[in-house]
Amino acid sequence: MDNLFNMKFKHFALLIFLPLLPVKGFTQSPVQKLEAAFQEFTADPQTRYAITSLCVLDAGTGKVLFARNENIGLATASTLKTITSATAFSLLGKDFRYQTTLSYSGNISNGVLKGDLIITGSGDPTLASSRYPQSKENNILNQWVAAVKAAGITRIEGRVIGDDTAWGTSSTPEGWIWQDIGNYYGAAPSALTWRENQFDIHLRANRSEDPAVSILNIVPSMPYLKIVNELNAGAEGSGDNAYAYLPPLSSIAYLRGSWALGIRKTGISVALPDPAYDAAFRLQDTLKRLGISSTQEAVSGRKILVDNGKIPAVTEKISTISSPSLSEMIYWFNKKSINLYGENLLRTLAWKAGKPATTKNGAAVETGYWAGKGLDKNALNIIDGSGLSPATRVTTSAMASVLFQAQKEDWFSDYYRSLPENNGMQLKSGTISDVSAFAGYYTDPAGRKYIIVINVNNYSGSGINKKLFRVLDALK
């Protein structure tokens, strides 16, 4: 009898404690956890009026593991850079370099150049950039000065021309908004890009109202620009809400918005309205300080065309500067999300294809390339190269497909290295007004590899990224 009681008791005890033991059959898979996390995210009040899309692939096979709204075209913000950089690697090659030349027209007689000194750009976005030792502004100017001296030029009876005409007269991509143009992240592409087409204005908010915000310094000095300061002092903690309104070829910049009291930032970065002119201006000024004067003012090639003039024929090239490799450019393009690089690269794709180097033609080349790889071109409504335009619409499925195919290429290691780390994953981020997105790769602790593209448009409030990461944490 006791034995029977003991057996029943043990059986009862086993039934009680069985649910507390880890049972393999009841463990959720990453995909199941992902579905639950996605449902929670889409039920959040911040996404009530939003569209959220998620596409997760097995990185090894390309199989879709989880997808929702993956065929809806959404504004991509900077995740578009994953497609632009993959296309540039594919069509230009990882060792591609731009060439910028210094030449002169006319002739040299007894040290006097009777003609113009001409800087001719081909689209290098790194010229005078501080990110690369060989490309820094002083290094470039020193090389040009050395070339001018080596040519025997001691005086210029003419101009210094920044020739940016290889890409015609258009600059700002269609679809960019007025508030972005004029600020560093809205710097327009140029065949002769200079110092990443930007300069800095240092600011300080004052507790008195006269002025509300002071301009402390402009770096470098911009003597040819008029800065109209209409900034208001913001409350402490309100941050940087200052915007520059400075369209291409303009000589007047308006500063509007607010700059917080006690803000720790130095100031704002503003887009150069005529980068080719600034390059010519800096060279002419440097030569003048060294005793090599010019009889006419510096000018950009685009301004010459606008005034119905012509770029003079080149007599002789005296210097050629090569850019860093495409791999080096892509590294910074994605790590620091430099919009300008994407726009220059897109136009370069058009030029490489033998078409006029416009943004529209570059987008057509890009879309055509991926359509040839099997993607539906209608899933790639590409307006620009950086994703700054809210009119760009790409599906998460198409972007995930590009990321999958990129793994097969010999440039993939450089591509992967360029992606920033976000949430412990190699993900390119993207943010514009009411848009937040991430795209890239993740290998979990068990060695499973994933391709991830997540995008939310038209969300409300702020701090959405931590909720997106909560969704992706389901894969960890």
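Numerical summary
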item: The range 155-174, subset among the charged types (D, E, K, R) and surrounded by 24 or more Cβ atoms within 10 Å (Cβ to Cβ), residue nearest to residue 117 (Cα to Cα); result: 163
item: Matching entry among 110, 71 (being among the polar types (S, T, N, Q), at positive phi and more than 19 Å from the chain's Cα centre (by Cα)); result: 110
item: Selection from the range 315-339 of residues that are among the β-branched types (Val, Ile, Thr), out of contact with any Asp or Glu (no Cβ under 9 Å at 6 or more places or on another chain) and buried (at least 16 other Cβ atoms within 10 Å of the Cβ); result: 315, 318
item: When residues of the range 87-100 are limited to those that are of a type in the set (S, T, N, Q) and assigned to a helix (DSSP H, G or I), the one farthest from residue 32 (Cα to Cα); result: 90
item: Hits in the range 68-86 (condition: over 20 Å from residue 377 (Cβ atoms) and not in a helix (DSSP H, G or I)); result: 68
item: Filter pass, residue 287 being modelled with pLDDT of 95 or more, closer than 21 Å to residue 121 by Cα and aliphatic (A, V, I, L, M); result: yes
item: Candidate set: the range 317-343, residues that are of a type in the set (S, T, N, Q) and within 10 Å of the chain's Cα centre (by Cα); chosen: the one farthest from residue 269 (Cα to Cα); result: 334
item: Single condition residue 103 does not satisfy, out of (1) surrounded by fewer than 19 Cβ atoms within 10 Å (Cβ to Cβ); (2) outside any loop (DSSP other than H, G, I, E, B); result: (1)
item: Residue 177, sole failed condition from (1) surrounded by 15 or more Cβ atoms within 10 Å (Cβ to Cβ); (2) farther than 25 Å from residue 294 by Cβ; result: (1)
item: Residue that is among the hydrophobic types (A, V, I, L, M, F, W, C) and either in contact with a Phe, Trp or Tyr (Cβ under 7 Å, 6 or more places away or on another chain) or assigned by TED's automatic domain parsing to the domain that holds residue 153 (or both), where the choices are 260, 188, 233; result: 233
item: Odd one out for residue 269, checked against (1) free of Cβ contacts under 8 Å to residues at least 40 places away in the same chain; (2) small (Gly, Ala, Ser); (3) in a strand (DSSP E or B); result: (1)
item: Test set (1) in the same structural domain as residue 279 (by TED's automatic domain parsing); (2) at positive phi - residue 119 fails condition number; result: (2)
item: Residues being surrounded by 15 or more Cβ atoms within 10 Å (Cβ to Cβ), modelled with pLDDT of 95 or more, touching a Gly at 6+ places or on another chain (Cβ under 8 Å) and not hydroxyl-bearing (Ser, Thr, Tyr) - total across the range 238-272; result: 10
item: Single residue of the range 145-155 satisfying the filter (within 38 Å of the chain's Cα centre (by Cα) and of a type in the set (Val, Ile, Thr)) that is nearest to residue 312 (Cα to Cα); result: 148
item: Counted residues, the range 276-308 - those being of a type outside the set (A, V, I, L, M, F, W, C) and either touching a helix residue (DSSP H, G or I) at 6+ places or on another chain (Cβ under 6 Å) or in a loop (DSSP other than H, G, I, E, B) (or both); result: 11
item: Residue selected from the range 31-67 under the condition among the charged types (D, E, K, R) and not in a strand (DSSP E or B), by the criterion nearest to residue 176 (Cα to Cα); result: 48
item: Pair list, Cβ under 9 Å, 6 or more apart: the range 303-314 residue under 13 Å from residue 159 (Cβ atoms), other residue hydroxyl-bearing (Ser, Thr, Tyr); result: 303/277; 304/165; 311/105; 311/120; 311/165; 312/105
item: Test: residue in the range 396-405 that is touching a Gly at 6+ places or on another chain (Cβ under 6 Å), part of a strand (DSSP E or B) and either closer than 17 Å to residue 83 by Cα or not aromatic (Phe, Trp, Tyr) (or both); result: no
item: Contacts under 6 angstrom Cβ, first residue in the range 224-247 being β-branched (Val, Ile, Thr), partner modelled with pLDDT of 95 or more, 6 or more apart; result: 227/253; 228/254
item: Subset of the range 104-123 [out of contact with any Leu (no Cβ under 7 Å at 6 or more places or on another chain) and under 11 Å from residue 192 (Cα atoms)]; result: 120, 122, 123
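The values are calculated or read from the model by the stated rules, or taken from the named source; none is laboratory data. What you are looking at is a predicted structure, and each value in this text was computed from that prediction instead of being measured. Using ideal geometry, Cβ is built from the backbone for each residue, glycine included, and neighbour counts are taken over all protein chains shown.
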